[in-house]
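These notes are about the structure you will find just below.
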Protein chains: 2
Amino acid sequence: MGRHLNQVELNNIKITDDFIGRYVECVSKKIIPHQWKILNDCLEGAKPTYCIRNFKIAAREVKGKRKGVVFQDTDLYKWLESVAYCINGEENKDFEVMADEMIVLIGKAQEADGYLNTYYTINEPNRKWTNLIEGHELYTAGHLIEAAVAYYNATGKEELLNIAKKNADLICQVFGEQKSQIKGYPGHEEIELALIKLYRVTSEERYLKLARYFVAERGTTPNYFETEIKSRDGWAEFFPDEFSNYSLEYSQAHIPPKKMEKAEGHAVRMMYLCAAMVDLAEEDKDSELLVACNKIWDNTTNARMYITGGIGSSGYRERFTTDYDLPNNSGYAETCASIGIMMFGQRMTSATGDARYYDDVERALYNTVLAGINLEGDKYFYVNPLEVVPEFCTEHTSMNHVKARRQGWFNVACCPPNVARTLASLGQYIYAKDEEAFYIHQYISSEAKTKIGTADVEIDMKSELLKDGKITVSFKTTKRVKLKVRIPYYETGTRLCINNERAEIPRKDGYFEISLEKGKTLIEIDFGVKVKWVGANSFVRNNIGKAALMKGPMVYCLEEVDNGKNLSEIYVIENVKVSLEEMKDLPDIKVDTLNYQGVRLKNRAMTREQLYGDIKLEQIKVKLKAIPYCLWNNRGKGEMLVWQKILF
Amino acid sequence: MGRHLNQVELNNIKITDDFIGRYVECVSKKIIPHQWKILNDCLEGAKPTYCIRNFKIAAREVKGKRKGVVFQDTDLYKWLESVAYCINGEENKDFEVMADEMIVLIGKAQEADGYLNTYYTINEPNRKWTNLIEGHELYTAGHLIEAAVAYYNATGKEELLNIAKKNADLICQVFGEQKSQIKGYPGHEEIELALIKLYRVTSEERYLKLARYFVAERGTTPNYFETEIKSRDGWAEFFPDEFSNYSLEYSQAHIPPKKMEKAEGHAVRMMYLCAAMVDLAEEDKDSELLVACNKIWDNTTNARMYITGGIGSSGYRERFTTDYDLPNNSGYAETCASIGIMMFGQRMTSATGDARYYDDVERALYNTVLAGINLEGDKYFYVNPLEVVPEFCTEHTSMNHVKARRQGWFNVACCPPNVARTLASLGQYIYAKDEEAFYIHQYISSEAKTKIGTADVEIDMKSELLKDGKITVSFKTTKRVKLKVRIPYYETGTRLCINNERAEIPRKDGYFEISLEKGKTLIEIDFGVKVKWVGANSFVRNNIGKAALMKGPMVYCLEEVDNGKNLSEIYVIENVKVSLEEMKDLPDIKVDTLNYQGVRLKNRAMTREQLYGDIKLEQIKVKLKAIPYCLWNNRGKGEMLVWQKILF
């Protein structure tokens, strides 16, 4: 087992980054008020979500039928979690007032024994815990707990934490080994990692024990889900196609987690399970569990992940398929699943002390997660393909899930509040610490202060990662400490200067480990970030003979608005030279476009009307312009393409 | 309106073709006895279908619950239709005994008023005609009628015809304009074309009138299906996902057929509707309806059809999507839908006198329809992709529908008996006639005799279409008649000899029209069939920069067994020279393999373990061998590829 890293307190981190900062600011300025209107069904033109209304019905403040998906409550919990992260660090009285009002309502919706779930309380009070596969009660409780921990950390207020504890205490009673208890576990993992957070903030062992139980019991024989399906005679309550195509690995219940070697089933569920597995491995010093985590991580990132950090390549049911099956146009690559990669990877580095996992945390963040939201903060992608032809994203077909433009909201609206809470708590991914060292994991300009052991430290990082990879760190400490600086995979011979002197620092576990004396030190790091053409493993059939453009962590793409219609006609020359130019047509966005020569292929032997005919190919030279993938569809609807064909 | 062509009586046609003959013979020798066992639940190792058992329950011979899909009865009807075509032309006492036994059973299962449907009779007697969208009662009746007409034509026996008439008479009473009648139409078209067949054999106008009503009423306002959905409160009885994603165009009920311009929704339904539309246009001399048929045909074959004649490119719900959306690996291209193209195209030529429609009838037959069955006649493809990587056809994912090997049977087993009845009645696609002329539409070696007006004619055609396109026709007639010979699109300057003399015959409507005097004439036609590299319209994004190999009507493909794993690494040189070699590893199959030079692309900069990395491409010369697409997966499971990348 490696060492355990701790988070730097979120309210001690201030993000000042030109690029990412814009998104982070968007959360409090736009996303939270906007989502508030949606959850309250008062956004003009938006379909009602019934989310807060459901709580009012459960609280007997309003009469009516409970509506929305069975886990609709989680939208409010994730919103509360985002609010908590935004309150951090600065006064935000408006948010606190809004949140406290919601917390009172949630408290009223809770039953006397601690049960809290508007669907079952209102619609099916006699069917609680009968449908763990589909009913998502434990998943919903997990998000309540996460929100409660965040709000407590942000404000010190205990009301929501007490609600969550009361709910968790009930679940501790209901689930377990004893005869009177249910020997089950959630169909959608989430509560496991939430219980560990609750344990860490309350030090109550029973929450850790329950998380451990849920992970250990999962996939054992006799299989709880098989028994449950039999008890319902195969009848599907919420998701009819889940049963017609249900298989145990869909919810990671085919084998016990310790025996898992591959990323299987629903991608978000898999990632949330893995996050909890790593946490448990740390808490229990369970190296066997960590070995399983490492195998799953390697399988995910070496065989089942898009270059954008997207995972879950089946268009059907948001799930993993098989190694190297990564279709560019029809995959799922759910925004939430890439948030899951961030959660999993962060924990892997924490548990192992190895920085390598952060390469894909960063990949997921800068590409799929940021692509999940528009620059205005009011439209979202749930699905993140690498190749889009808008007219082929036809409703009622197998491409129904792929949208050619971001949507205002979704019937299953997991992604928007998940993006919000991730951006609002991004500090947790930038820095970390242990007893001796301060860690830099992400090069996002920011300021932070914390304690390393008994030393008070302060950092001011100015990052030009997206430009050229030059990072300037001003570090103050009251005692001698270590600074561990993650070395990203795209560096090209890093140059390091300490107090203006060139320094040769050895590399270990993916870090430069710098010893810093008391006082202020100036550290300049130049990762030499360059534009790079990247290829894919030849088992990824769709990408053979193709190249993708990257610069640092960012994947670039071609858009129709810059390059015309039918991007599939475009070919580029192997490793063609690329020139940079500032992107001008997006407000307040300072990134470079990548410009290079290519050709368009035309078949001169066929008329426009023919479907099949003779071949006489002609190459027409064209100038191409690529922009960061995460920024696509911010300038209208059109085609988009990441993987470009190479001309030999 | 063009002229109406008639079929040459099936029992006067004998197929003698080396290649196709093998499949046709297979129907009576293997497929019919094999399917008989399956329908009777007595094939060892096969899942029960309950098909005949359901009839026994409805006939009160056996007690139990009715099982299988709601339209399971159609399997028996299609089997009976195949049997009828096999009885034709030769004595086949065994088949007739089996069929007659079934007909007695069907008669017993029929209710007193003529109603006949084992699902509703046994399970839901009070819900008849309440679910036209999903319940498939009219579709099932259609297959009963088609079987009855075929069996009557083959044997002259009236028992099944009377059962079908009694059933149709009931439907005539139930459906129509009057107040006491249901103003509806089938969710799955089929009965329309069957009723026209029944009209043509019985001359009873009411059947034609009902077919006309079903077509005219479809898609009118107020929409019957919208009303029906409301009456069930959206509740899905048989196909849960049909409602969650239901749209009226899925069952061609969004607009009246006369206004249709594109092929929409479920591909088989669309084709069956079109077949009936053409028949009606002919019967009613309705040129407006024929114009709609022509538009739909052109849209289908110019924008929505695979090069193999496959249609319905959505992996979800077997349906059309949008123009040029033709994914090679994930599409549906159901075998039955290509049979539908044959039915539609045959009728279009009949109604217009233009041979051009037969180009795609032939394309569908030689590629997707023949691919639908293995050489042994006991395994079937339902879905016919143009590119297969077996490990990517993962169960429980969006590729669940694609199978890397033919299956013994299906839960929804429409395709196997549909292939059987099509092959057994293939004569109808080879020849046709009118008052003055005999037509050759397909170059399948065969003998036939019939009457043209008052002339007795006899033909013996020996075809080398698949070899070099040389056709030898020996034609005898007792009076002067015309012979109209279809000119296929792949001819390369046809040479014609009549009685050993070179003849220049003008072309008209896609035919050579040859006047033949009384007596015997020898006609030699050389279409100059050559191997050809074919390209696709550049809006078919997946096929840009790719070529497919064709020889005559046959599309060729690469298989792993001949060319190694990872066929996506293969590139071919534009219009590279191809040499022919006899295929040796399939028994009794005389076709040529196509052999040519290509390269495999390797990225030398990446290890096998890397998912993304540097690019340094190397081309390795390889010898390639292509075989006819319809023969793939007859030599074990492996990768298959039609569209090959071109190396520039």
Exactly one condition in (1) open to solvent by 10 Å² or more (accessible area, probe 1.4 Å); (2) facing chain B (nearest Cβ under 9 Å); (3) free of Cβ contacts under 8 Å to residues at least 60 places away in the same chain is not met by A:Phe648; state its number.
(3)
Exactly one of A:Ile514, A:Ile444, A:Ile505 is crowded, with 21+ Cβ neighbours inside 10 Å and farther than 26 Å from A:Glu25 by Cα, and that one is A:Ile514
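So that you can scan it fast, the table gives a plain yes or no per residue for (1) at negative phi; (2) assigned to a loop (DSSP other than H, G, I, E, B); (3) at pLDDT 95 or above:
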site: B:Glu25; (1), (2), (3): yes, no, no
site: B:Leu76; (1), (2), (3): yes, no, yes
site: B:Gly89; (1), (2), (3): no, yes, no
site: B:Ala99; (1), (2), (3): yes, no, yes
Just checking, does the stretch A:533-542 include any residue being part of a helix (DSSP H, G or I) and in the same structural domain as A:Lys625 (by TED's automatic domain parsing)?
yes
Just to verify a result, which residue in the stretch A:291-315, among those that are touching a Leu at 6+ places or on another chain (Cβ under 8 Å) and not β-branched (Val, Ile, Thr), is farthest from the other protein chains (Cβ to nearest Cβ)?
A:Gly310
Qualifying positions in the stretch B:533-544 - small (Gly, Ala, Ser) and either farther than 23 Å from A:Glu639 by Cβ or crowded, with 23+ Cβ neighbours inside 10 Å (or both)
B:Gly535, B:Ala536
Here the residues within the stretch B:597-616 that are outside any loop (DSSP other than H, G, I, E, B) and within 43 Å of the chain's Cα centre (by Cα) are B:Gln597, B:Gly598, B:Val599, B:Arg600, B:Leu601, B:Lys602, B:Asn603
Looking only at the stretch B:243-268, which residues are within 14 Å of chain A (Cβ to nearest Cβ), among the charged types (D, E, K, R) and assigned to a helix (DSSP H, G or I)?
B:Glu249
Restricting the stretch A:316-336 to residues that are open to solvent by 20 Å² or more (accessible area, probe 1.4 Å) and at positive phi, the residue that is farthest from the other protein chains (Cβ to nearest Cβ)
A:Glu318
If only one of B:Glu362, B:Glu391, B:Glu435 is free of Cβ contacts under 8 Å to residues at least 24 places away in the same chain and either within 14 Å of chain A (Cβ to nearest Cβ) or in a strand (DSSP E or B) (or both), which one is it?
B:Glu391
Starting from residues that are part of a strand (DSSP E or B) and open to solvent by 40 Å² or more (accessible area, probe 1.4 Å), keep the ones in the stretch B:462-488 and report whichever is nearest to B:Lys433 (Cα to Cα).
B:Lys482
Can you report the number of residues in the stretch A:489-502 which are touching a residue at least 40 places away in the same chain (Cβ under 8 Å) and loosely packed, with under 14 Cβ neighbours inside 10 Å?
0
Let me confirm something: among B:Tyr207, B:Tyr152, which residue is surrounded by fewer than 21 Cβ atoms within 10 Å (Cβ to Cβ), of a type in the set (Phe, Trp, Tyr) and within 29 Å of B:Leu10 (Cα to Cα)?
B:Tyr152
B:Gly309: open to solvent by less than 10 Å² (accessible area, probe 1.4 Å), closer than 20 Å to B:Ile196 by Cα and among the small types (Gly, Ala, Ser), yes or no?
no
Kindly provide the set of residues from the stretch B:218-250 that are open to solvent by less than 20 Å² (accessible area, probe 1.4 Å) and touching an Asp or Glu at 6+ places or on another chain (Cβ under 8 Å), ordered by number.
B:Glu242, B:Ser247, B:Tyr250
Residue that is most open to solvent (accessible area, probe 1.4 Å) [pool: residues in the stretch A:600-620 that are at the interface with chain B (Cβ under 9 Å from one of its Cβ atoms) and under 26 Å from A:Trp533 (Cα atoms)]
A:Gln619
Hey, any hits in the stretch A:365-382 for a residue that's open to solvent by less than 10 Å² (accessible area, probe 1.4 Å) and closer than 23 Å to B:Thr321 by Cβ?
yes
Would you tally the residues in the stretch A:135-171 being closer than 15 Å to A:Asp75 by Cα and either at pLDDT below 95 or assigned to a loop (DSSP other than H, G, I, E, B) (or both)?
1
Is it the case, given these coordinates, that B:Met348 is within 11 Å of chain A (Cβ to nearest Cβ) and either open to solvent by less than 10 Å² (accessible area, probe 1.4 Å) or not aromatic (Phe, Trp, Tyr) (or both)?
no
Number of the condition not met by B:Met342 [criteria: (1) closer than 30 Å to A:Ser314 by Cβ; (2) crowded, with 24+ Cβ neighbours inside 10 Å]
(1)
Subset of the stretch B:617-634, residues of a type in the set (A, V, I, L, M, F, W, C) and either over 45 Å from the mean Cα position of the chain (by Cα) or in a loop (DSSP other than H, G, I, E, B) (or both), comes to B:Trp632
Taking the stated definitions as given, is A:Leu594 in contact (Cβ under 8 Å) with a residue 12 or more places away in the chain, within 7 Å of another protein chain (Cβ to nearest Cβ), crowded, with 17+ Cβ neighbours inside 10 Å and assigned to a strand (DSSP E or B)?
no
When you scan the stretch A:290-317, how many residues do you find that are out of contact with any Pro (no Cβ under 7 Å at 6 or more places or on another chain) and either in the same structural domain as A:Gly535 (by TED's automatic domain parsing) or in a helix (DSSP H, G or I) (or both)?
13
Here's a check for you: in the stretch B:270-287, which residue that is in a helix (DSSP H, G or I) and open to solvent by 30 Å² or more (accessible area, probe 1.4 Å) is nearest to B:Leu198 (Cα to Cα)?
B:Glu283
Expected single match for more than 14 Å from every other protein chain (Cβ to nearest Cβ), surrounded by fewer than 19 Cβ atoms within 10 Å (Cβ to Cβ), within 30 Å of A:Thr300 (Cβ to Cβ) and touching a helix residue (DSSP H, G or I) at 6+ places or on another chain (Cβ under 9 Å) among B:Lys623, B:Lys637 is B:Lys637
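In the stretch A:120-134, what count of residues is obtained for those that are assigned to a helix (DSSP H, G or I) and not β-branched (Val, Ile, Thr)?
2
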Examine the stretch B:584-591 for a residue that is of a type in the set (D, E, K, R), within 11 Å of chain A (Cβ to nearest Cβ) and in contact (Cβ under 8 Å) with a residue 60 or more places away in the chain, and state whether such a residue exists.
no
What are the residues in the stretch A:550-570 that are surrounded by 22 or more Cβ atoms within 10 Å (Cβ to Cβ), within 11 Å of chain B (Cβ to nearest Cβ) and in a strand (DSSP E or B), if any?
A:Met550, A:Val555
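The values are calculated or read from the model by the stated rules, or taken from the named source; none is laboratory data. Bear in mind that the values here come from a model prediction, so they are computed numbers and not experimental data. All Cβ positions, glycine included, derive from the backbone under ideal geometry; neighbour counts span all protein chains shown. SASA here: full protein model, heavy atoms, side chains in, ligands and nucleic acids out. Shrake-Rupley method; radii C 1.70, N 1.55, O 1.52, S 1.80 Å.
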